[in-house]
Amino acid sequence: MNKKKFKPLKSDQKLDKEQIRKSLTYWQDVWRRLRKNHLAILGLISVVIILLFATVGPIINKYEYNKQYLDYKNIPPRLEVYELDDDLRVFMSGMYHLILVSEKGELIGRFSLDDADKDLITREYTYRFYDEDETELYAVTADFSYQTDPDKADEDLLFSLTYNDVETKHSTDTVWNRTFLLGTDLNGRDLLSRVMYGTGISLIIAFAAALINLFIGVLYGSISGFVGKTTDIVMMRIVDIINSIPLLLYVILLMVVLEDSWFERNVLDEIFGEGGLGTIIVTLVSVYWVGMARLVRGQVLGLKEQEYVLAAKTMGVKNSKIIQKHLIPNALGPIIVTLAMMIPTAVFTEAFLSFIGLGISAPRASLGSLASDGAKFMQTYPYQLLIPSLTIAFMMLAFNFLADGLRDALDPRLRKG
Amino acid sequence: MNKYFIKKVLFSILTLIIVITLVFFMLRAIPGGPFTREKPLPAATRERLEEAYGLDEPIFMQYVIYMGNILKGDLGPSFRNPGYSVNELLSTGIPKTASIGFLAILLIIILGIPLGVISALKSNTSIDYGVMILATIGITVPSFVIGSLFILLAQNVDWIPVGGLDKPVSFVGPVIALGGYSLAFVSRLTRSSMLEVLRQDYIRTARANGLSESKVIFKHALKNSLIPVITYIGPMVAALMTGSFVVEKIFVINGIGKFFTESIGSRDYTLVIGVTIFYAIFYIFMVLLVDLAYSLIDPRIRLSK
């Protein structure tokens, strides 16, 4: 070997096989893994957006969720505008209200229609628009005879509009609704603010249900798992029985029992306000804690055999302290994952209950009740069903991605493909 | 093994009795009865009605009588559908609900499991991504939205009826709405558990022994990866066979789901309990069946019991 080919190292060039790495705590490690998961980060960002939408949204939005604008019922987010004159642009709503629209798509006002202006024989209705001084600005005649007159039937029109003797048969332009961005509902309420409010209510239900569920489930499960023996058998039989009652059946029965009961009127409505919010939370909690209790029990059963628990016991640490300090923190990973999965499930169940008419009652709204309202008129106003439904789907997607990511990050052994 | 199952069956019967008892007393706790109307019935009529249906007995006696009748297989008369017994109503509703449920289950097993397997075998390809995107949509969109959208579509197409179950085509909507979520869930579950199994040592051993790929997948991998899927499918079958209330409401089907929601509203005690019993029996039976299927598939479970 030629020694000249080697050079001695300088003193500051340390060749160290043990690279110095920062030691990470459990949570730093979790965050590091979570950050690498693009879908989970997407989910996290979406969850933040949803939270902002439900909390900050109503502050920015100038309409209230329960204010009715009776002139503007069932106005869609996209308007088919008839340009009758240079500065006269109108929109005919699904309820045959004629509305004056600006060039940008702002709603200016509704034309009035007197009974005297309705010609029931020729089916020509004259809509008039007045300014503040009650002077007539425009008079537009709508011809509805296209549906009834056999001569005009093949034109396949609902109506035509005539202004200054010029008849306009087809809409000339479509613009986005600038006044009510997502349109209005049956009672002329701004759909955007209702969706914001509904998202908030759905989130409150989900979080409240998840947190109470966490509390009961962890308490029940850890006692059952830790004490063991007869206590465990009895407690788990109770869980088994609750588990074998079909969930939905139980939820519906409970909703009906609680409805209008003393408990609802004097306890739940005091805490959560009227409209059945508290009832839904109680119902969801009373069903879902079972899963959490089982999970925690399983975890505790495994963990309590560990040496450090034995060590704590020999040192005379109280049982409650062992549960608090040793068992629960170590079982935290799966608990958090179940909690994160619980939130979309609760949103889903609430939406379902509202849809069959057992949920939040008006004027309060949740995403489920909005979708349920929208479904009644989905043929004529599909946007009223689609908007809340898409919001539910987006929410489910966001929470599912986040929960999946959390599961992988908290416990890599559970990683699913 | 036998002892284990006898214990399971006995416990199931106990559960059933508890469920019936619970529902019986819960219903009586609700304010209002089957003969409460907006316009009150004359007191005499009401008394006669209550006497005829045995509602004038003390509640505990009612319970004993009712339980006795159930043992004979008689679920009693419906309070709000005069002239019909609960048995008759159930026998008209169950075939409709069950046929939709059966088709949905068929769809899930025929389509869901193979999709999951394919996407696990082709993991991280465009096929895998496509299936998983579809599955994610299936899980995130509620059944009432799928159902409503389907009806919206059906209105613009002549050959799909909007409601009812008169033609074979009219099953398409309810089956998709009912099975959509589970279909998506099953394919996701199959995929993940298949991937898990494919990483195991015994699969590598099987391949190293020179087994054909199809033998590795079908004989070794698939069988083991179906265990979590079966756990899910058991209760799912019960849930689907008894029908989703929402789907029956949207598609105007007179199945038992619709009976159930209506009977709760009108306090038709016997009908509510009838549906509940049917549902609970089915559910508990399916859970038992899952236990059995487990021990057939997985010898480890068979030995430990």
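Numbers for the structure displayed
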{"read-out": "Kirkwood Rh (inverse of mean 1/r, distinct Cα pairs), the stretch B:227-282, angstrom", "value": "12.1"}
{"read-out": "Between helix B:256-265 and chain B: long-axis angle, C-alpha atoms, 0 to 90°, nearest 10", "value": "40"}
{"read-out": "Chain A: most fluctuating residue of A:ASN213, A:ASN319, A:ASN74 per GNM, C-alpha cutoff 10 Å", "value": "A:ASN319"}
{"read-out": "Hydrodynamic radius by Kirkwood, which averages 1/r over all alpha carbon pairs of the protein assembly as shown, in angstrom", "value": "30.0"}
{"read-out": "Between helix A:383-410 and chain A: long-axis angle, C-alpha atoms, 0 to 90°, nearest 10", "value": "10"}
{"read-out": "Chymotrypsin sites (Phe, Trp or Tyr not before Pro) within the stretch A:101-181: DSSP coil, no more than 13 neighbouring Cβ in 10 Å", "value": "none"}
{"read-out": "Nearest-ten-degree value, helix A:247-258 long axis tilted from longest Cα axis of chain A", "value": "70"}
{"read-out": "Theoretical ellipticity at 222 nm over chain B - DSSP helices of four or more residues, -39500 (n - 2.57) apiece, nearest 500", "value": "-23500 deg cm²/dmol"}
{"read-out": "Cα centroid of the stretch A:84-119 to Cα centroid of the stretch B:217-255, whole Å", "value": "52"}
{"read-out": "FRET E, pair B:LEU288, A:ARG35, Förster distance 45 Å, beta-carbon r, rounded to 0.05", "value": "0.50"}
{"read-out": "Debye equation applied to the C-alpha atoms of the stretch B:170-305, log10 I(q)/I(0) at 0.12, 0.13, 0.14, 0.19 Å⁻¹", "value": "-0.65, -0.73, -0.79, -1.10"}
{"read-out": "Sparsely packed trypsin sites (Lys or Arg not before Pro) within the stretch A:311-349, loop by DSSP, other Cβ within 10 Å at most 11", "value": "A:LYS318"}
{"read-out": "Listed residue (A:PRO77, A:PHE226, A:LEU39) projecting farthest to the positive dipole end of chain A, Cβ model", "value": "A:PHE226"}
{"read-out": "³J(HN,Hα), Karplus 6.51/-1.76/1.60, whole Hz, each residue of the stretch A:221-230, x for Gly, Pro", "value": "x, 6, 5, 4, x, 6, 6, x, 6, 4"}
{"read-out": "Mean projected area in nm² (Cα convex hull; one quarter of hull surface) for the stretch B:89-255", "value": "11.0"}
{"read-out": "Simple spin-label estimate for B:GLU57 and A:ASP173 in nanometres, 7 Å along Cα-Cβ", "value": "7.7"}
{"read-out": "Computed over the stretch A:1-125, Kirkwood Rh from alpha-carbon pairs, angstrom", "value": "22.7"}
{"read-out": "Mean separation of Cα contacts under 8 Å (6+ apart) over length of chain B, as relative contact order %", "value": "26"}
{"read-out": "Convex hull projection area averaged over all views, chain A, Cα basis, nm²", "value": "40.0"}
{"read-out": "Chain B - Rg over Rh from alpha carbon coordinates, Kirkwood radius", "value": "1.07"}
{"read-out": "Average other protein chain Cβ within 10 Å of Cβ, residues B:132-143", "value": "4"}
{"read-out": "Extended-chain gain in nm, criterion 0.36 nm per residue less alpha-carbon gap, A:ARG128 and A:TYR308", "value": "56.4 nm"}
{"read-out": "For the stretch A:342-417, alpha-carbon Rg over 2.2 N^0.38 Å", "value": "1.37"}
{"read-out": "Percentage relative contact order, the stretch A:35-175, counting C-alpha pairs under 8 Å, at least six apart", "value": "18"}
{"read-out": "Spin-label proximity, A:GLU64 to the stretch A:337-374 - amide N less than 17 Å from point 7 Å beyond Cα toward beta carbon", "value": "A:362-365"}
{"read-out": "Value of D in µm² per second that Stokes-Einstein yields for the stretch A:189-250, Kirkwood Rh from Cα pairs, at 4 °C (1.567 mPa s)", "value": "90"}
{"read-out": "Base-10 log of normalised Debye intensity for the stretch A:163-295 (one unit scatterer per alpha-carbon) at q = 0.11, 0.12, 0.16, 0.20 Å⁻¹", "value": "-0.60, -0.67, -0.95, -1.19"}
{"read-out": "Average Cα contact separation per residue, the stretch B:89-255, under 8 Å, 6 or more apart, as relative contact order %", "value": "39"}
{"read-out": "Neighbour count of at most 10 Cβ within 10 Å plus DSSP loop: longest GluC sites (Glu not before Pro)-free window in chain A", "value": "A:135-304"}
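Where a number appears in this text, it was derived from the coordinates with a stated rule and is not lab data. Not measured: the values here are computed from a predicted model. As a convention, Cβ positions derive from the backbone with ideal geometry for all residues, glycine included, and neighbour counts pool all protein chains shown.
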